[in-house]
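The values are calculated or read from the model by the stated rules, or taken from the named source; none is laboratory data. These numbers come from a predicted model, not from an experiment. Neighbour counts are summed over all protein chains in view; Cβ atoms, including those assigned to glycine, are modelled from backbone coordinates with ideal geometry. Remember, those area values only see protein heavy atoms, side chains included, never the ligands or the DNA or RNA. Shrake-Rupley method; radii C 1.70, N 1.55, O 1.52, S 1.80 Å.
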Amino acid sequence: VRMTRRLSLTAAALVLYPTLALCQAPAPPPKHEATGEVAFVGVSGNASTNTFGVGFEDIVRPTGWVVRQRLAFVRNESDGTPNAQSFLYTPRAEKTINARLSAFGEYQYFRDRFAGVAHRNMMAAGLSAKLVNQDRHKLAADFGLGYLNETRLSGDDVSSAIYSAGTNYKLKLSDTAELADEVGVVGTFSRGEDWRVAHTIAVTAKLTDAVSLKVSNGIRFSNFPAPGFKKTDVITSVALVAKFKGGN
């Protein structure tokens, strides 16, 4: 009888273990992590083209806070003439309210003359919620209010109060690979049809402990672009990524 009970308990433990493992909270993130990436594609011969991109992200986690800075630059040139160039810088600070909820404030500077944007300055503040926080799945969503000022190369400039919303999803595909899907929406209160969507999906695979290969596809959509410019820009990139982590 005792042996039967032991076998039953062992079988129950084996059945329940995967479920219990999924319910376990993930390990705490490091106090500091920095990521840098670089991408380059060149073609020569009958035509000469090259695309160069760099990105940087720095995250610091003092007690009760998360402070993040992001920078991205992309330039495409054909036969010595640039035909695409964009620059994006986004610092953001989050103050922890509880295990699920944070308050955030962020600033964004964006420049893309080939999309009709000479300068865009945006500030927003709001709340961010961790909807799923497991080892394999992580999903966060935020909503904010703020102000946008955009200097355009044609048509009227934009200066308006805004609303913003977004999601950030991460899926651990394996011990060495991860998928990230990020969506952001910004709309102005002054003009209902003036709204923008940015969507980036990326897969990162480790080559070594410090270096990874990243394949990403980003879409920027503006429903009310500057006159003479298209609504959609797509950026596809293959980059080498170096990552540093410090503290626990």
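Here are the numbers:
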quantity	calculated
Qualifying residue in region 216-227 (condition: exposed (fewer than 12 other Cβ atoms within 10 Å of the Cβ), under 23 Å from V74 (Cβ atoms), among the small types (G, A, S) and more than 16 Å from the chain's Cα centre (by Cα))	no
Hits in region 177-194 (condition: within 19 Å of the chain's Cα centre (by Cα) and free of Cβ contacts under 8 Å to residues at least 40 places away in the same chain)	A177, E178, L179, A180, D181, E182, V183, G184, V185, G187
Every residue from region 156-195 that is surrounded by 16 or more Cβ atoms within 10 Å (Cβ to Cβ) and not in a strand (DSSP E or B)	D194
Subset of region 146-155 (residues that are part of a strand (DSSP E or B) and of a type outside the set (D, E, K, R))	G146, Y147, L148, N149, T151
Selection status of A198, within 18 Å of the chain's Cα centre (by Cα), within 24 Å of F40 (Cβ to Cβ), free of Cβ contacts under 8 Å to residues at least 24 places away in the same chain and open to solvent by 40 Å² or more (accessible area, probe 1.4 Å)	yes
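Each row is one residue, and each column tells you yes or no for (1) under 30 Å from A125 (Cβ atoms); (2) in a helix (DSSP H, G or I); (3) open to solvent by less than 50 Å² (accessible area, probe 1.4 Å); (4) at pLDDT below 85.
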position	(1), (2), (3), (4)
T10	no, yes, no, yes
A13	no, yes, no, yes
A27	yes, no, no, yes
A34	yes, no, yes, no
G55	yes, no, yes, no
P62	yes, no, no, no
